[in-house]
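Values quoted throughout were computed directly from the atomic coordinates according to the rules given, and no laboratory measurement underlies them. Small disclaimer: the values here were computed from a predicted structure and weren't measured. Cβ: placed from backbone, ideal geometry, glycine included. Neighbour counts: every protein chain shown.
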Amino acid sequence: MTKTQRLNVTSEYGLLKTVIMHRPSAEIDRLLPDNYRTYLFEDIPFLQKIQSEHDHFATLIGSKGAEILYFENLLEEMLRDEAARYDTLEAVVALERCESIMNDLMLLPTKELATMLLAGLRANEARAKGFKVSQYLPDDWMMISPVPNVYFMRDPAAIVGDRIISSNMFYPARVRESLLAENVFRYHPRFLKGDSFVYGTKNDERYSSVEGGDVVMLNAQAVAIGCSERTSTEAIARLATNLFQNGKIKRLYEVLVPPKREYMHLDTVFTIVAPQTICAHKRGFMESPQTRLYEAADNEKGFRLHTEGRTFMDVLQDEFGALTIIEVAGGDKYYADREQRTDGANVFTIAPGVVVGYDRNQRTNAALRAAGIEVLDFDGSELVRGLGGARCMTMPIERENV
């Protein structure tokens with residue numbers, strides 16, 4: 001009998017119980033010199049090495065007892081259901097504009113289909129399988145594009161309390177990730193959480209983007225969401241309304257993040273590593289009074305909006321009661337910029353005061369250890385080519401309450 005999964009994320013540092021991850025696979029080998037930037041990579045990773053790095057990363061996460069659910073397995077198991085398969089493929093072929101091969105895809109073995117939905121399908125591969133493909137398509141035409149960013153599992157969805165945010169991804173190269181993740185939550189027998197969405201791709205919220213890397217749980221009643229290149233203020237307002245209807249979240253802070261690639265998401269520059277303790281790449285935006293507060297209210301909108309005089313640092317201190325800041329590279333400007341380029345602040349907290357991060361960020365790791373944080377580090381030289389860190393590669397779905 002399939003276990004029913006509890007959804008519960010009320011902090012960033014409660015002991016991690018269950019997390020979704022994706023081991024990089026065949027989709028990485030679709031990256032080429034003329035397309036890797038389109039797919040948001042800094043360079044082309046070496047598949048065997050990136051897999052080895054990810055395996056070590058997963059071992060460290062599991063060292064404190066967390067259960068790891070691999071996305072590729074969840075996807076395959078979900079596709080065994082006929083209705084789930086049809087609904088997923090109907091959305092995929094519409095997105096990729098390849099409706100002519102819908103029936104062929106429906107007949108594929110489940111494991112092969114799951115791999116294809118991540119690694120993509122070229123025209124010559126489709127012809128080799130006997131699919132009905134136009135003779136005018138070049139052999140190397142991607143009928144279904146790959147999703148090489150899928151190992152950054154943080155972004156396609158986020159759990160806030162016991163509710164699911166299904167992301168609306170900003171860049172076209174990542175849209176299918178959220179579609180697949182949403183259907184896993186809707187149809188997989190471990191989840192069947194169709195009534196738990198507070199933001200989803202199947203309704204009228206597609207007009208505004210939101211990504212999981214901008215969603216940070218401050219505590220059981222407060223969440224911070226970065227208004228960044230990839231998450232819009234319209235999406236944040238809609239989320240405030242929907243989260244407040246659930247009754248558990250009372251405060252939502254909209255944090256202005258400059259729309260630059262080196263910032264990307266709120267968690268690119270700030271993570272919570274222990275009670276009242278953060279790791280941050282301190283820059284002006286965190287100390288400028290540009291935070292907005294949504295508070296739950298019984299009115300037509302469902303919230304009161306305040307343009308704050310407080311900075312985000314003020315907000316954190318007020319929410320935590322006190323605040324310890326561990327700066328990237330210990331605050332050394334030269335090395336802070338260098339280590340932030342390799343996601344120094346984007347560590348992943350697996351228990352109070354225990355984080356996982358890249359070993360190359362030596363000065364940041366030393367500053368964390370000097371502050372009493374246990375750092376489990378690993379080589380991520382290939383993983384970081386996609387410009388993401390340890391938190392980026394994880395989707396926590398259950399933590400212990402703190």
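When the square roots of the Cα gyration tensor eigenvalues are ordered a ≥ b ≥ c, the ratio a/c for segment 19-65 is 1.5 or more and a/b exceeds b/c, which makes its shape prolate. Amide H to amide H, with H built 1.01 Å from N, GLU398 comes under 5 Å of ASN8, LYS17, THR18, counting only residues 5 or more places away or on other chains.
Of LYS49/LYS193; LYS111/LYS132; LYS260/LYS333; LYS17/LYS260; LYS17/LYS111, which ones are farther than 24 Å apart at the Cα? Before the final figure, lay out the partial values.
Details: LYS49/LYS193 36 Å; LYS111/LYS132 21 Å; LYS260/LYS333 19 Å; LYS17/LYS260 33 Å; LYS17/LYS111 27 Å.
Check vs 24 Å cut-off fails for LYS49/LYS193; LYS17/LYS260; LYS17/LYS111.
In terms of its C-alpha gyration tensor, segment 296-394 comes out prolate, because a/c is 1.5 or above and the ratio a/b outweighs b/c. Debye-formula intensities of segment 228-289, expressed as log10 I(q)/I(0) at q = 0.12, 0.15, 0.22, 0.28 Å⁻¹, are -0.37, -0.57, -1.04, -1.16 (one equal scatterer per alpha-carbon, no solvent). The alpha carbons of segment 138-287 occupy a box of 53, 35, 28 Å along the principal axes, longest dimension given first. Counted over segment 111-206 with a bin width of 5 Å, the fraction of Cα pairs per bin, in whole percents, is 3, 12, 20, 19, 15, 13, 9, 6, 3, 0, 0.
When restricted to Cα atoms, segment 169-254 yields an Rg and a Dmax of 13.1, 35 Å, respectively. Projecting the Cα positions of TYR136, THR88, ALA158 onto the charge dipole of segment 70-186 (unit charges on Cβ atoms of Lys, Arg, Asp and Glu, taken about the Cα centre) puts TYR136 furthest along the positive direction.
With N as its number of residues, segment 98-154 has a Cα radius of gyration that, divided by 2.2 N^0.38 Å, comes to 1.16. Only the Cβ atoms of Lys and Arg (+1) and of Asp and Glu (-1) were treated as charged; on that basis the dipole of the chain about its Cα centre amounts to roughly 260 debye.
Evaluated with a Cβ-only charge set (Lys, Arg +1; Asp, Glu -1), segment 38-119 carries a dipole of roughly 180 debye about its Cα centre, given to the nearest 20. Considering only GLN362, ALA274, VAL184, and ranking their Cα positions along the charge dipole of the chain that arises from unit charges at the beta-carbon of Lys, Arg, Asp and Glu, the one farthest toward the positive end is ALA274. Each Lys or Arg adds one and each Asp or Glu subtracts one; over the other residues with Cβ under 14 Å from the Cβ of GLY302, this totals +3. Only helices enter this figure: runs of n ≥ 4 DSSP H residues, each worth -39500 (n - 2.57), summed and divided by the residues of the chain, yield -8500 deg cm²/dmol at 222 nm to the nearest 500.
Taken over the Cα atoms of segment 255-337, the convex hull encloses 110 Å³ per residue. Charged neighbours of CYS227, selected by a Cβ distance under 15 Å, balance to -3 (K, R count +1; D, E count -1). From zero outward in steps of 20 Å, how is the percent of C-alpha pairs of the chain spread across the bins? Reading upward from the zero bin: 28, 58, 13, 0.
What is the Cα centroid distance between segment 104-160 and segment 246-310, reported in whole angstrom? So the separation of the two Cα centres works out to 37 Å. Centre-to-centre separation between the Cα atoms of segment 3-78 and those of segment 332-402: 15 Å. With the cut-off at 1.5 for a/c, could you classify segment 1-140 from its C-alpha gyration tensor as rounded, prolate or oblate? Cα axes put segment 1-140 in the oblate bin. Calculated from the alpha-carbon coordinates, segment 71-122 shows an Rg and a Dmax of 10.0, 27 Å respectively. Its relative contact order, with pairs defined as Cα atoms under 8 Å and 6+ residues apart, puts the chain at 22 percent. Counting Lys and Arg as +1 and Asp and Glu as -1 over every other residue whose Cβ lies under 12 Å from the Cβ of THR271, the net charge comes to -1. Ordered by the number of other Cβ atoms lying within 10 Å of each residue's own Cβ, fewest first, THR277, THR349, THR115, THR4 fall into the sequence THR4, THR115, THR277, THR349.
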